[in-house]
Amino acid sequence: MEAWFFENQTGNFGIKIRIKSVLLHEFSDYQEITIYDTLEFGKVLVLDKAVMFAEKNEFVYHEMLGLVPLFSHKNPERILIIGGGDGGVVRECLKNPFVKHIDLVEIDKKVIDVSKEFFPEIACKLEDRRVRILAEDGIEFVKRINEGGSEDEKYDVILVDSTDPVGPAEGLFRRDFYEAAAGSLKDDGIFTAQTESPFFNQNLIKDVGKIIKEIYAKSSLYCASIPVYPSGLWSFTAGSKKYDTKVINESYNNFDFGRFEADLKYYSPEIHSSSFILPNFIKEILK
Ligand code: SAM
């Protein structure tokens, strides 16, 4: 008997993934959590019926969300990741030689627990001594840092690895969150968020791009191809108080990316710069 998981991605378009078995299906306080074992992509994490990642290609998203901002920054010691309870972006950030501390603020502890159990190769660095996990709302967290945090509580880089802009993640796509995040960054800080599909979410990309451009000295958008995400093309929006996120910072001039070859399956210095070269239809969105 053939069994399939169908993700209705836009109401008029979706993807079907043939499944071998359902490994987990439960409801946390925040969302429905399902893990399928699939024939094409290995194990897949689905939250509220939307694919979060697949074992076989999770490295694309995690490397691109983590490493492009970090390697653009001169010395990213303190990192804040909002969402990302699976640990994939944490794993990537720890490949940067300057990282000393990561705060992972994930609202749903259940996601962390099931990721450790079913995706140990993704959650592998959640126990690292440099990582502090806080099971709380990222919106409230940055508000607290922005309003009362001392300078040394602020971050060099803030990454938003959230679900789509619905439910608890909705506020992570609003101006007041972006402003509070900017206030939680140091004077040379970099902010980067996943900002959905350039094919299906053009208004969101336009609106977020406008806000980030107003808040930061430099703003940019880069893309990567992620087979299981709606349309297969994904965007990341970056705001920077000082550095140009389009280039690797000169502090890495002697960094041997080749040494990480096996460990970096998608990201490379060439991919870093080329991911900012956008097709005209995306440039049009940002005009
Ligand atoms: N890293 C995966 C990927 O490859 O796209 C998926 C993203 S991660 C699983 C998304 C996380 O954002 C979820 O675990 C969800 O609980 C979390 N999240 C949503 N809203 C949040 C909020 N306001 N504060 C903190 N975490 C939030």
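The values are calculated or read from the model by the stated rules, or taken from the named source; none is laboratory data. These numbers were taken from a predicted model, which means no experiment stands behind them. When we count neighbours, we look across all protein chains shown, and the Cβ atoms used for this are built from the backbone with ideal geometry, even at glycine. What goes into the accessible areas is simple: the full protein's heavy atoms, side chains included, and nothing from ligands, DNA or RNA. Shrake-Rupley method; radii C 1.70, N 1.55, O 1.52, S 1.80 Å.
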> Which residues, counting only those in region 112-166, are of a type outside the set (A, V, I, L, M, F, W, C), within 12 Å of the ligand (Cβ to nearest atom) and crowded, with 17+ Cβ neighbours inside 10 Å?
Replying inline: S115, D137, G138, K143, D161, S162, T163, D164
>> Restricting to region 208-217, and then to whatever is in contact with a Ser or Thr (Cβ under 8 Å, 6 or more places away or on another chain) and hydrophobic (A, V, I, L, M, F, W, C), can you tell me which residue is surrounded by the fewest Cβ atoms within 10 Å (Cβ to Cβ)?
In response: A217
>> Take R175 and tell me if it is of a type in the set (D, E, K, R) and either within 11 Å of the ligand (Cβ to nearest atom) or in contact with a His (Cβ under 7 Å, 6 or more places away or on another chain) (or both).
In response: no
> Any chance region 197-207 includes a residue that's crowded, with 16+ Cβ neighbours inside 10 Å and within 15 Å of the ligand (Cβ to nearest atom)?
Replying inline: yes
> Mind checking which pairs have a first residue in region 86-102 that is on the phi < 0 side of the Ramachandran plot and a second that is of a type in the set (S, T, N, Q) and open to solvent by 10 Å² or more (accessible area, probe 1.4 Å), Cβ under 6 Å, 6 or more apart or different chains?
Replying inline: F98/N75
> Restricting attention to region 4-28, which residues are in contact with an Asp or Glu (Cβ under 9 Å, 6 or more places away or on another chain) and of a type in the set (S, T, N, Q)?
Replying inline: S21, S28
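Looking at S273, is it open to solvent by less than 70 Å² (accessible area, probe 1.4 Å), polar (S, T, N, Q) and farther than 23 Å from A182 by Cβ?
Numbers: open to solvent by less than 70 Å² (accessible area, probe 1.4 Å): yes; polar (S, T, N, Q): yes; farther than 23 Å from A182 by Cβ: yes.
Yes: the conditions hold for S273.
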> Which ones in region 80-91 are closer than 23 Å to G149 by Cβ and open to solvent by less than 10 Å² (accessible area, probe 1.4 Å)?
Replying inline: L80, I81, I82, G84, G85, V89, V90
> Among the listed residues V89, V68, which satisfies the condition of being near the ligand (Cβ under 9 Å from one of its atoms) and assigned by TED's automatic domain parsing to the domain that holds E127?
Replying inline: V89
> Looking at A54, A50, which is the one that is out of contact with any strand residue (DSSP E or B) (no Cβ under 6 Å at 6 or more places or on another chain), farther than 29 Å from K218 by Cβ and either hydrophobic (A, V, I, L, M, F, W, C) or without any contact (Cβ under 8 Å) to a residue 24 or more places away in the chain (or both)?
Replying inline: A50
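Residue-wise test of (1) within 29 Å of F5 (Cβ to Cβ); (2) over 20 Å from the mean Cα position of the chain (by Cα); (3) without any contact (Cβ under 8 Å) to a residue 12 or more places away in the chain; (4) in the same structural domain as V44 (by TED's automatic domain parsing).
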position: T192; (1), (2), (3), (4): no, no, no, no
position: E196; (1), (2), (3), (4): yes, no, no, no
position: Q202; (1), (2), (3), (4): yes, no, no, no
position: L233; (1), (2), (3), (4): yes, no, no, no
position: A238; (1), (2), (3), (4): no, no, no, no
position: Y243; (1), (2), (3), (4): no, no, no, no
position: N249; (1), (2), (3), (4): no, yes, no, no
position: S268; (1), (2), (3), (4): no, no, yes, no
position: S274; (1), (2), (3), (4): no, no, yes, no
> From D156, D164, which residue is modelled with pLDDT under 95 and within 30 Å of S268 (Cβ to Cβ)?
Replying inline: D164
>> Here is a list: E26, E2, E77. Which entry is under 23 Å from L134 (Cα atoms), open to solvent by 10 Å² or more (accessible area, probe 1.4 Å) and away from the ligand (no atom under 16 Å from the Cβ)?
In response: E77
